[in-house]
Structure formats: C-alpha cells, structure tokens
Amino acid sequence: MTDIERKRDRTAVPTDWTYAPAPESRDLVRLRERYGHFVGGGWIEPADTYATISPSTEETLATVGQGTAEDVDRAVAAARAAFANGWSSLPGSERAKYLFRIARLLQERSREFAVLESLNGGKPIKESRDVDLPLAAAHFFYYAGWADKLEYAFPNRRPAPLGVAAQIIPWNFPLLMLAWKLAPALACGNTVVLKPAETTPLTALLFCDVLRQAELPPGVVNVVTGDGRTGAALVEHDGIDKVAFTGSTEVGKSIQRQLAGTGKKLTLELGGKAANIVFDDCALDQAVEGIVNGIYFNQGHVCCAGSRLLAQESIHEPLVEKLKKRLETLRVGDPLDKNTDVGAINSKLQLERITELVEAGKEEGAEIFQPPCRLPEKGYWFAPTVFTNVAQSYRIAQEEIFGPVLSVLTFRTPEEAVEKANNTPYGLSAGVWTEKGSRILWMAQRLRAGVVWANTFNRFDPASPFGGYKESGFGREGGLHGLEPYLRFEE
Amino acid sequence: MSRLPVKKTYKLFIGGAFPRSESGRTLEAEGQNVARGSRKDVRDAVKAARAAQPGWGAATAYNRGQVLYRLAEMVESRVPEFAELCTGRTEVERAIDRIVWYAGWADKLPQVLGGSNPVAGPYFNFTVPEPTGVVAVLAPDEPPLLGLVTRLVPPLVGGNAVVAVASETRPLAAIELAEAIATSDVPDGVVNLLTGLRSELGPVLASHMDVNAIDLCGAGGDSAELERAAADNVKRVVHGRADAQSPWEISSFLELKTVWHPVGR
C-alpha cells in the first residue's frame, strides 16, 4: 500500500489507538515529609497538621500545617515588620531586581515545579509544563518591570504601597495564581501573607525555596497553609490592609461582608458560567478545538471555562457530532503522562459536587454524552461530558460546575445569543466564533464579561487584564490595571 | 392688590417624570414639604434606570459629552435660583464648571484608561472601559448642589444610569437640578433623584440585586451595614468625597473589558 492509499484508507477518527505510556519523571521533585508555615524567612512548626495527597493516586505526598489564628498572627507580624523595615522604602528598581530573580529561578526550575503541580493538583503535565509554569514566570517578569515605573502608570497621582496584603488563592492553578497575586503586590511595595488552597499547598511551599534562592528579605512573603478557617482568620486580622481573593462567589461574598466597614481594600476574582457562542459562519473545526480547550482544559477547573456552549441552530447538529467525535480522542488518565489531555479531578469534594450537578442535569431532562474511556480505579476521575437538550433554567446551565461538563444550548439570532449569554449573575468571560469581523465587535460590545475571546478561548498573558463583571468579582489582575489594587494614592 | 405667588410642590424625579412618593408621605426640609421616598419608589427608580442604561451606555461618547454640556447650559441659565438653594453663587458656578469639565472626559477616558496589551503570542488584545450599569449614589448633605453634582456626574459620563438620594437636610437644590435635567437632553431614566431619609432609602439601594455599584459618600462613617448588604450581589462599593474632581472618580464606576483575537493571514 502506498502512503497515499494508506491515507485514503484511514478512518476519520481513530478510536482504537493506544499510546505507550510517556510518564514524566517524578524524581525531579524532592519533597520533605513535613512542612510548617513559612514566616519571616524561616519555617515555623505548625500546631496542627493535615496530609496533602495526589488526587490521581490518593497517596499522601506530605504533611502540612493547618494554620491557626496564632500562626496567621505571626505571619502578619512578620509581614508588617518587613514592610516597615525596608521593603516599602526600597527603591523600585531594587524591588524589580528581586522579582526578575524570581522569574528567572522559576524558569530554571520550571520542570520541577510542573511535576509537583501535576502531582498535587491532578492537572496534566502537558498543561502545567506548557501553560502554568511559563505564565507564572512571565508574570513575575512583567511586574518586575513595573516596580520602578509606577508613577508613569498613574500620571498626576502619587502611588504608594498599601502595606500588608492578605492573598487567598484557589486550587485550580496553584502556582500561577500565586504568581498573579504576589507579583503585582511586591512590585507595588507591599508585603504579603499568602494562603494556598487546602488541597494544593505544595508548589507554594516549594516556592519558598525560590524566595530563599532569590534572597528576598525575610517576611516580605509569608505562606500559611490550611483550610477555610485559616483563610477566615487571615481576612479577619486587624494587621492587614488588603485582601485579594480568588475562589467561589459564595466565599467571595462572605469576605466582602466580613470586610464591611473596615476600610480594607478588596479585590475578588470569583466564579463564572461563560458562554462560548458559535455562529454558523465560523471555521467549525477550529471552533470545536476552542470548545474543547474552553471546557476540558484543566478538567474544567477554570473559573472562566466556556461551560455553556451556545450553538446557532443551523449548525447545532454537525457541531455536536464533531464535538462528540473529538471527545473520543481525549486521553484521560495519569497527570504525569505527557500524552494525557484530561487529568484527575482535584479532590473528592469537587468530584462529589460535579457528580451531583451531572445527576441533576440528567434528572431535569438533559441528554448526556460521555465518550467511552477507562478511568483509573484509584483517585478522583470524571469523564469528559456533554449535555444536549439543555434549557436555560437547568442547574447545569445556571450553576458553576467547575468540572469537565459542557451544557449545549441553541440560539437563532445574534440578539438571542447576547440575551442568553448574559442571562447569568456571573460575568467573567465569553467566547465568540464567527468569521464576520463586524459581528465579533458587535458581540464583544454587548457581552457583559471581563474577558471576551473571539475565535480563541482560554488565553492568558501577564500583560492582559483579567477579572469579572457582576458577581464574578471586581478588580483586575494582569496588565497595568493589575497594579491599582495594590496601591493607594497620596493627595 | 399684590399677586399671590404659585408655590411649587417638591416631588421625586423618576424615569423623566415627577411623581409624588407612592407612599403619600412627605417630610419637612428647608421649610418645605418634600416627598419622602419609599422602598417602592427606590424600586421604581432602579427599574427606570435599568431600562434607560443600555441606550445611554451605547450612545457615542461625543454625544454623551454634548448632552452633559447641555446640562451645564441648563444650570447656568438658573444660577440665581440655584444660588438661593445652596451656599451661594460660587457653589453654583463651581458645580457648572465641574459638569463642563466632566463632559469633556466622555470621549477621552477610554484612551486614558484602556489601550492595547502586548501579549506574547499572535493575538490582538485590547482593553476598553465600559459602564458598570446602574449606580446608586447617596449624596452628601453639604454642599447641597456641588456635593450632588460631584457624585452624580462621574458615573453619568461613563455611561451609567444613576439613582441618587439627595441631601437629607437640604434637598431643594437636588429638586431644582432634576428640573434642569428634565429640560436638558439627558434621556429619561438616566438620572433619577429621590428625596427622603437616607436611613430608609440607603439599605434598600445597598441590597437591591439590580444595582451594580453604590457610592456611600452621604453615609459618612456610618456605612458598615450598607457595605454588608452590598455584598449580596458583589456590588462595587465606592466611598466618594463630597468635593473631588478627577478621571479616577469616573473609573470607580467602570468595568474593564479585554478582547482577544488571533492574528493570521
């Protein structure tokens, strides 16, 4: 058989291919058995601890501290002292150099961090290696350059740091969210107490070693691990000047309530239920890739995930057909395997939440599709899922699932697409797929969302502001606009 | 025989009309009976604002600038009347000049606040400011005219619709301003002015699920409860000052939208 004949003979989508395992080496990461809290440049022994696991195997990776109010208090005191004893008065150009160092160190050690991120969080190594780590390093590099240029970012205002920033980050992009939070805060001259997510503390703890290598002054960054109680103690603490939170809308609202009347500055990056809108004149295969990237990237654990597919009626059928075929080629499994497209669900709790909403979808009358795939026995897994025949009122069309679950709805006119896309209390992101330029801009003007991706989805960059409308939060992270939440302006 | 003057009934300003409070209540301020707005009046005003906002937000920046400039013209033509209702002529003139200053920002702000972002990839990426939607304003008691203008105009320039609660102690200047607005080209419902008790109207606005942002200027230090209520729908909470003038006053009521598109042949 010639090559050409072989090509002709090939079935459109091979479903029976098997891939030889291509695991990334775990030896790159040397974990300690036990971690304390990183306070004042050193480790303090936690009063209470818990085990942090790998969600793909359920094995214990390390024991970490469950931060108490006393731990938080020590961390805030260390941050206060570091702020007063030099960091806030350090020339911007010197602060910049620390941040440049951190960026470089992250680049040098990026494989090690990527492996640990996949181990502790369950995301495919392909993503932690190609997305999380490069972006985290880029974020430090970007904000490093701002540290000595703040007066050009805010002409006619005299920017000054706020003081101690309390930063609470989620488990979906543990190191990247750390970078999003730390880089602008430090560039603006603040010191920080950071609380990583309960289930994914390890890259933040390893990052403390980068801080040591960068010779960052003690107390400028402090890391206290623990669950929501630790976060609440941090938010309540009198010694902080600012809270930056990324997480669920429910917790975000409670933080906003907690801070009422305190005068502390707040930024919130909360949930989303983004519409990914596909018009019948789009490049269909590209749109399918964008839809898949939009909802199955990072197991759908993405606040800006394109979890509602709005398909124009005229292409609904072929689009769903192509999408189902594409889903059959997604490789679900070992996060450390370089072939893996969809990794493990981050935690048992999250798996239960996804399962509950998917059951609700079935009960409410939506039609479910899952490609045949063998899920590992140990660990937390959920097959990529598509719901068709979904009404706007269904829970799967209203609530953030935060998992690999797509709800497909339809529309006829651009007006109807806008109406449906905006029919949610959230407003973080949206996607538009059409080859018509004027329609892209028309849609972009009307979608009530902080980020609009046209003919692409889930793109991030340190220079690009990110943040929500409505109940998806307020304040921006990234870009020039990401500086403002960490500054006050002197009269 | 001297002529008996026709006295004014002081009413609310909602959706371009001047209704009495649906509650039928009034309160005495500055020697006059003014409408004591109710929970229902707040709801009506928010509804009118929500309906008017898309049109106002979608108007060209040039148009919004001209409409606000026209408002300055309308106030200028009533300087003696306004002067009697506030601290005097100087306050009125400052208020007029402030409106003109902000009117000029309408078509410049996006260039100052937005721009293109140099992302590391084949994408064109830009950020534009957009109105947050419906803004509630608790105006300060003093100065009665300039204070209201200072808090009212910035959200308007940005394309928001506003529901404002006038000075509680000196509400007559606000009612006069409503009459100037009604005769300018500001579309009906874009500005709604309520008189009454802040303690009664503030909590309704703070907890209203269809209000996007609230300026607590008039609440003074007494704002914790309002801020707590504002969290119900993640409102943007602004502590505006009674006398301030800067483009950042406008940006407090704006959202930033970032748009990505691939670059390719």
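The values are calculated or read from the model by the stated rules, or taken from the named source; none is laboratory data. This is a predicted model, so every value here is computed, not measured. Backbone-built Cβ (ideal geometry, glycine too); neighbour counts: all protein chains shown.
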Open item on the list: If A:GLY478 satisfies all but one of (1) surrounded by fewer than 24 Cβ atoms within 10 Å (Cβ to Cβ); (2) of a type in the set (Gly, Ala, Ser); (3) within 9 Å of chain B (Cβ to nearest Cβ), what's the number of the condition it fails?
Closed with: (1)
- [ ] Could you tell me whether the range B:80-93 includes any residue that is at pLDDT 95 or above, within 14 Å of chain A (Cβ to nearest Cβ), assigned to a loop (DSSP other than H, G, I, E, B) and under 21 Å from B:PHE13 (Cα atoms)?
- [x] no
Open item on the list: Which pairs turn up if I take residues in the range B:196-217 that are without any contact (Cβ under 8 Å) to a residue 40 or more places away in the chain and look for partners that are crowded, with 22+ Cβ neighbours inside 10 Å and of a type in the set (A, V, I, L, M, F, W, C) with beta carbon separation below 7 Å, at least 6 apart in sequence or on another chain?
Closed with: B:PRO203/B:LEU226
- [ ] Give B:VAL237, B:VAL211 a once-over and let me know the one that is part of a strand (DSSP E or B), within 13 Å of chain A (Cβ to nearest Cβ) and not acidic (Asp, Glu).
- [x] B:VAL237
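Going through A:ASN339, A:ASN346 one at a time, which residue ends up being farther than 21 Å from A:ALA275 by Cα and within 21 Å of the chain's Cα centre (by Cα)?
Step by step, each of A:ASN339, A:ASN346 is checked, and only A:ASN346 is farther than 21 Å from A:ALA275 by Cα and within 21 Å of the chain's Cα centre (by Cα).
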Task: Flag for A:GLU415 being modelled with pLDDT under 95 and more than 10 Å from every other protein chain (Cβ to nearest Cβ) - done: no
Open item on the list: Show me the helices (runs of 4 or more DSSP H) entirely contained within the range A:238-357 in which 2 or more residues are in contact with a strand residue (DSSP E or B) (Cβ under 8 Å, 6 or more places away or on another chain) and within 30 Å of B:VAL237 (Cα to Cα).
Closed with: A:249-259
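Might you let me know whether the range A:400-416 holds any residue that is small (Gly, Ala, Ser), under 23 Å from A:VAL288 (Cβ atoms), in a helix (DSSP H, G or I) and in contact with a strand residue (DSSP E or B) (Cβ under 7 Å, 6 or more places away or on another chain)? It would help to see each step written out before you state the result.
First pass over the range A:400-416, keeping only residues small (Gly, Ala, Ser): A:403, A:407.
Filter once more, so that each one left must be under 23 Å from A:VAL288 (Cβ atoms): A:403, A:407.
Going one step further and asking which of them are in a helix (DSSP H, G or I), we end up with none.
No, that holds for no residue.
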TODO: Determine, yes or no, whether A:ALA204 is surrounded by 24 or more Cβ atoms within 10 Å (Cβ to Cβ), away from chain B (no Cβ under 14 Å), without any contact (Cβ under 8 Å) to a residue 60 or more places away in the chain and farther than 30 Å from A:VAL390 by Cα.
DONE: yes
TODO: Would you please name the residue that is nearest to A:PRO404 (Cα to Cα), looking only at residues in the range A:91-147 that are small (Gly, Ala, Ser) and within 14 Å of chain B (Cβ to nearest Cβ)?
DONE: A:ALA136
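Kindly establish whether A:PRO372 is away from chain B (no Cβ under 13 Å), within 26 Å of B:TYR123 (Cβ to Cβ) and not β-branched (Val, Ile, Thr). So that I can check it myself, show each step before the final result.
Values: away from chain B (no Cβ under 13 Å): yes; within 26 Å of B:TYR123 (Cβ to Cβ): no; not β-branched (Val, Ile, Thr): yes.
Here the answer is no, as A:PRO372 does not meet what is asked.
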Open item on the list: If I ask for residues that are part of a loop (DSSP other than H, G, I, E, B) and touching a residue at least 24 places away in the same chain (Cβ under 8 Å), which ones from the range A:56-83 would you list?
Closed with: A:SER56, A:THR57, A:GLU58, A:GLN66, A:GLY67, A:THR68
Task: Qualifying positions in the range B:221-234 - surrounded by fewer than 17 Cβ atoms within 10 Å (Cβ to Cβ) and either away from every other protein chain (no Cβ under 12 Å) or among the charged types (D, E, K, R) (or both) - done: B:ASP222, B:GLU225, B:ASP232
- [ ] Taking the residues in the range A:456-469 that are touching a residue at least 12 places away in the same chain (Cβ under 8 Å), out of contact with any His (no Cβ under 6 Å at 6 or more places or on another chain) and at the interface with chain B (Cβ under 8 Å from one of its Cβ atoms) as candidates, determine which candidate is farthest from B:PHE253 (Cα to Cα).
- [x] A:THR456
Open item on the list: Just checking, does the range B:79-93 include any residue being over 17 Å from the mean Cα position of the chain (by Cα) and within 21 Å of B:SER251 (Cβ to Cβ)?
Closed with: no
